[in-house]
Amino acid sequence: FFQQWYSSSMKIICMWLADRLDVQLPIYQLKTLIKIVKKTYRDFRLQGVLEATLNSKTYNTVHSRLTVEEATISVTDAGGLQGITMKDSDE
């Protein structure tokens, strides 16, 4: 059940980002998405979802897009994301 829930959540976020592929995300949306994706990943990892499911192609696509958006914001906006990043605190 949790694996399906996680997979569908990541697919929805991935499709939403794909619809906005040619548009840079506003800083508020980016900060919110980073928090959602990181929390979702951590919570489902704690529920015992397998690593293969957690690190799916969909998740990697979302992670890559948010990382690129984060880098763009850090270059263009001096205030930036105020400590909110895709980098995991475990790294």
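Evaluate the relative contact order of region 1-76 (contact order divided by residue number), counting alpha-carbon pairs under 8 angstrom at least 6 apart; express in whole percent.
Working: 36 pairs, mean separation 39.8, N = 76.
Rounded, it is 52 percent for region 1-76.
Among 66-72, 21-27, what's the highest-first ranking by average C-beta atoms within 10 angstrom per residue? Write down the numbers at each step before the final one.
Details: 66-72: 16.6, 21-27: 11.6.
For the peptides 66-72, 21-27, the packing ranking is 66-72, 21-27.
How big is region 1-76 on each of its three principal axes, counting only the C-alpha atoms and giving the largest first in Å?
Principal axes ranked by extent give 39, 21, 17 Å for the Cα atoms.
Taken together, the values in this text are just the output of simple stated rules run on the coordinates, not laboratory data. Keep in mind that what you see is a predicted model, and the values were worked out from it rather than measured. Here Cβ is always computed from backbone atoms with ideal geometry, including for glycine, and neighbour counts include all displayed protein chains.
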